[in-house]
Amino acid sequence: MATTTLNCTPRPYEASDLMSLKRSELLELVERQRSCWPEDVPLNTKTNKTQLRTVLLDRRHGFTTMQPRVQTCFHGDIDYDPFAFLHVYVEDTRFMPTFKSSADIVVNVENTFRGDQGQGV
């Protein structure tokens, strides 16, 4: 199994980033970007994990992580995946308010690079 880092820029949180985190860990993520928390949503001792995840995942609020997205690929006859999944995140600061956009891109890399042989085609 090989692990490839596909993104090292700020990106919005994904559900998989947050699912295994405890309430205290979710609160730490919120505190790092406290200004992103919406004013109309209470943040107190009664705020539960579901509410925290909902706000962190809502892209309108602007919560991001610097953690790279990791794509796991299996090299073998059964589990081989010839596609790379890229997430592109763009922040356009030419306008006020800042325009944030993202896209998921799928690239077929089967005939582009063969990692086991160490050569491109």
In region 58-87, residue farthest from K22 (Cα to Cα) [restricted to those that are open to solvent by 60 Å² or more (accessible area, probe 1.4 Å) and at pLDDT 65 or above]: F85
Where a residue in region 20-32 is under 14 Å from V55 (Cβ atoms) and open to solvent by 70 Å² or more (accessible area, probe 1.4 Å) and its partner, wherever it lies, is among the hydrophobic types (A, V, I, L, M, F, W, C) and in a helix (DSSP H, G or I), with Cβ under 9 Å and at least six apart: R23/L52
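The values are calculated or read from the model by the stated rules, or taken from the named source; none is laboratory data. Quick caveat: nothing in here was measured; it's all calculated off a predicted structure. A quick note on method: Cβ atoms are made from the backbone with ideal geometry, for glycine too, and the neighbour counts reach across all protein chains shown. Protein only, heavy atoms only, side chains kept; ligands, DNA and RNA dropped before computing areas. Shrake-Rupley method; radii C 1.70, N 1.55, O 1.52, S 1.80 Å.
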